[in-house]
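Remarks on the structure that follows.
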Amino acid sequence: MEKILISACLVGDKVKYNGQSNYNPKIKELLEKYELVPFCPEVEGGLPTPRTPNERVKDKVLTEDGRDVTKPFEKGADLAYNICMYLGIKIAVLKALSPSCGSNEIYDGTFTHTKKKGDGVTAELLKKKGIKVYTENEIDELLK
Ligand code: SF4
């Protein structure tokens with residue numbers, strides 16, 4: 001079975017900034033076709049749960065109260081890539097809009113729920129390394 005790296009919050013892990021999950025029922029269908037490898041870059045990068053919301057601001061990641069958390073975000077991205085390399089993973093399903101996991105669209109750094117074009121830190125690195133990144137809204141493409 002092909003393996004997929006998946007945002008841990010999508011499979012029900014309570015690792016989201018507010019201590020909740022983003023469980024998505026489509027996961028059950030994915031499990032029939034793929035082996036899922038759950039991973040949360042922010043937690044693995046060393047951030048606590050719950051944690052202050054973060055957004056990408058230019059080349060940094062800042063908390064809503066202005067602390068620079070770029071380093072743990074980069075560490076989480078590196079670890080995500082290491083797992084992909086180690087397990088031969090070529091596909092990732094990552095949570096839309098997250099400053100780590102978002103793909104093609106993320107919040108704009110103003111903490112006003114305004115979106116902009118761009119990738120989260122982990123999604124950006126995985127794409128650069130040739131891993132195909134989907135959001136949970138694109139899972140149907142993997143079920144064809
Ligand atoms: S960093 Fe990714 S996996 Fe972790 S809670 Fe945020 S969206 Fe989910």
### Query
Net charge near LEU10, counting Lys/Arg +1 and Asp/Glu -1 over other residues with Cβ under 9 Å of its Cβ?
0
### Message
Please compute the length gained on full extension between LYS129 and LYS14, using 0.36 nm multiplied by the number of residues separating them and subtracting their Cα-Cα distance.
### Response
38.6 nm
### Message
Over the chain, what is the relative contact order in percent, taking alpha-carbon pairs closer than 8 angstrom and at least six residues apart?
### Response
23 percent
### Query
About its Cα centre, what dipole magnitude does region 12-89 give when the only charges are +1 on Lys and Arg Cβ and -1 on Asp and Glu Cβ, stated in debye to the nearest 20?
120 debye
### Query
Counting chymotrypsin sites (Phe, Trp or Tyr not before Pro) as exposed when in a DSSP loop with at most 15 other beta carbons within 10 Å, what is the longest stretch of the chain free of them?
24-110
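Taking the Cβ of SER103 as the center, what net charge do the other residues with Cβ under 12 Å away carry, scoring Lys and Arg +1 and Asp and Glu -1?
-1
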### Query
Quick one: which of 41-50, 89-98 comes out on top by average Cβ neighbours within 10 Å, and what's the full order, highest first?
89-98, 41-50
### Task
Mind scanning LYS60/LYS116; LYS33/LYS115; LYS75/LYS129; LYS60/LYS115; LYS90/LYS115; LYS3/LYS144 and naming the pairs with a C-alpha gap bigger than 24 Å?
LYS33/LYS115; LYS90/LYS115
### Query
Length gain on complete extension for the stretch THR112 to ASP59, per 0.36 nm per residue less the alpha carbon to alpha carbon distance?
17.2 nm
### Task
Collect residues whose amide H, placed 1.01 Å from N in the peptide plane, falls under 5 Å from the amide H of THR135; neighbours closer than 5 in sequence don't count.
LEU94
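Mind putting a number on the dipole of region 3-143 about its Cα centre? Charges go on the C-beta only, +1 for Lys and Arg and -1 for Asp and Glu, and I need it in Debye to the nearest 20.
The dipole magnitude comes to about 180 debye.
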### Task
Specify which residue in the list GLY88, SER98, ASN137 is farthest towards the positive end of the charge dipole of region 11-144, using unit charges on the beta carbon of Lys, Arg (+1) and Asp, Glu (-1), about the Cα centre.
GLY88
### 3J(HN,Hα) from dihedral phi, region 88-97, Karplus parametrisation 6.51/-1.76/1.60, rounded to Hz, x for glycine, proline
x, 7, 10, 10, 10, 10, 10, 4, 4, 6
#### Entry: Contour excess over end-to-end distance, with Cα ends at ASN137 and LYS3 and 0.36 nm allotted per residue
46.4 nm
### Query
Local charge sum around GLY118 (other residues, Cβ-Cβ under 14 Å, Lys/Arg +1, Asp/Glu -1)?
+2
### Task
Starting from the Cα gyration tensor of region 3-143, multiply each eigenvalue by 5, take the square root, and state the resulting semi-axes largest first in whole Å.
23, 15, 14
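Bear in mind these aren't lab numbers, they're just calculated from the coordinates by the rules spelled out. Values in this document were obtained by computation on a predicted structure and should not be read as measured data. No Cβ is skipped: glycine too gets one built from the backbone with ideal geometry, and neighbour counts run over all protein chains shown.
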